[in-house]
Amino acid sequence: MEFLNHEIALYESSINCEKIIQSMENLNKFEKVNFRPHLTFFMDYEESVNDPKDLKYIRQVIQNDLFPVFDAYLAGQGITKYKHRPRYIVSKMMPGSDMDSHRDPIKSYAYDVYLNDNFSGGILIFDELGLEVKPKPGTLIMFRPYELHHVNMLHGNPRYSYGSGIERID
């Protein structure tokens, strides 16, 4: 795990990004939602017996390969009591789109996993910190989303990612 500052960390995972992207596309669930500029679908945290195998695969990767890293990051931040958000956000950012600067709830911690890098732009920028994170396949970023951040204009191909977060319990 590499820390860019005391609250922003990167982890280079060895997940099969191409298989995850294919599973996302197989599900054919992406749609435009009014509070996000990306094509998005939401995936429940809890598995259902009726879930298609592609959904089960994506969830399995998150829970088996990425949660342990995120849990270690949270422990390093002194966070021991938290609850996971009820669902994951699966995103397909389309060329010609960006995400405006914003802050998320102060009690939260977030993680995102980037799945491809065959595009230009699409960089996560922390406005007030002067930090930029260029997506690379398999990179897990963990951060406090109350930091002002945005994603710059994407060109070329779609940018795939998924993530979620936790709410700290005091």
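The values are calculated or read from the model by the stated rules, or taken from the named source; none is laboratory data. Computed from a prediction, not measured in an experiment: that's the story for all the values here. Note that we place each Cβ from the backbone using ideal geometry, even for glycine, and neighbour counts take in every protein chain shown. Quick note on the areas: whole protein, heavy atoms, side chains included, nothing else; ligands and nucleic acids left out. Shrake-Rupley method; radii C 1.70, N 1.55, O 1.52, S 1.80 Å.
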The range 22-78: C-alpha gyration tensor shape, a/c 1.5 cut-off, then a/b vs b/c: oblate
Projected label distance in nm at Lys53 and His155, using a 7 Å step from Cα toward the beta-carbon: 4.1
Cross-link reach list, aspartates and glutamates versus Lys29, counting only Cα pairs under 15 Å and skipping chain neighbours closer than eight places: Asp44, Asp51, Asp54
Estimated FRET transfer efficiency (Glu12, Asp170; beta-carbon r; R0 25 Å; 0.05): 0.20
Arg85 accessible area, 1.4 Å probe, all protein chains in place, Å² to nearest 10: 60
20 Å reach of a label modelled at Phe119, 7 Å along Cα-to-Cβ, counting backbone N of the range 65-94: 88-94
Backbone HN-Hα couplings from phi across the range 78-93 [Karplus 6.51/-1.76/1.60, Hz, Gly and Pro as x]: x, 9, 10, 10, 7, 10, 6, 4, x, 7, 9, 9, 9, 10, 10, 7
From phi via Karplus (6.51, -1.76, 1.60), per-residue ³J(HN,Hα) for the range 9-25 in Hz, x at Gly/Pro: 10, 10, 9, 8, 8, 10, 5, 7, 4, 4, 5, 5, 4, 4, 5, 4, 5
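What does the net charge come to around Arg159 if you take all other residues with beta carbon closer than 9 Å to its beta carbon, with K and R at +1 and D and E at -1? If you can, show how the numbers build up before the last one.
Values: positive: Lys92; negative: Asp117.
Charge balance near Arg159 sits at 0.
Counting other Cβ atoms within 10 Å of each Cβ, which GluC sites (Glu not before Pro) in the range 74-170 have at most 15 and sit in a DSSP loop?
Working: sites: Glu128, Glu132, Glu147, Glu167; in loops: Glu128, Glu147.
Those satisfying the criteria are Glu128.
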Among Gly156, Gly130, Gly138: highest mean-square fluctuation, GNM of the chain, C-alpha pairs under 10 Å: Gly130
Heavy atoms of Lys107: accessible area, 1.4 Å probe, square angstrom to 10: 80
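Once neighbouring chains are kept in place and the probe is 1.4 Å, which whole percent of the accessible area of the range 1-140 is contributed by carbon and sulfur?
Numbers: 3570 of 7490 Å².
Carbon with sulfur: 48 percent of the solvent-accessible area.
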Trypsin sites (Lys or Arg not before Pro) lying in DSSP loop within the range 44-100, provided at most 15 other Cβ fall within 10 Å: Lys81
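Starting from the Cα-Cα distance between Leu131 and Lys107, subtract it from 0.36 nm times their residue separation and give me the gain in nm to one decimal.
On the way: separation 24, 0.36 × 24 = 8.64 nm, distance 2.13 nm.
This chain segment gains 6.5 nm when fully extended.
Given a 1.4 Å probe, how much area per residue of the chain is accessible, in Å²? Numbers along the way, then the final one.
Details: 8470 Å² over 170 residues.
The answer is 50 Å² per residue.
If each residue of separation counts as 0.36 nm, what is the full-extension length gain between Gln63 and Glu46 once their alpha-carbon separation is subtracted? Show your work: numbers first, answer last.
Details: separation 17, 0.36 × 17 = 6.12 nm, distance 1.05 nm.
Full extension from Gln63 to Glu46 adds 5.1 nm.
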Three-way shape call for the range 38-139 based on the alpha-carbon gyration tensor, with the a/c threshold at 1.5: oblate
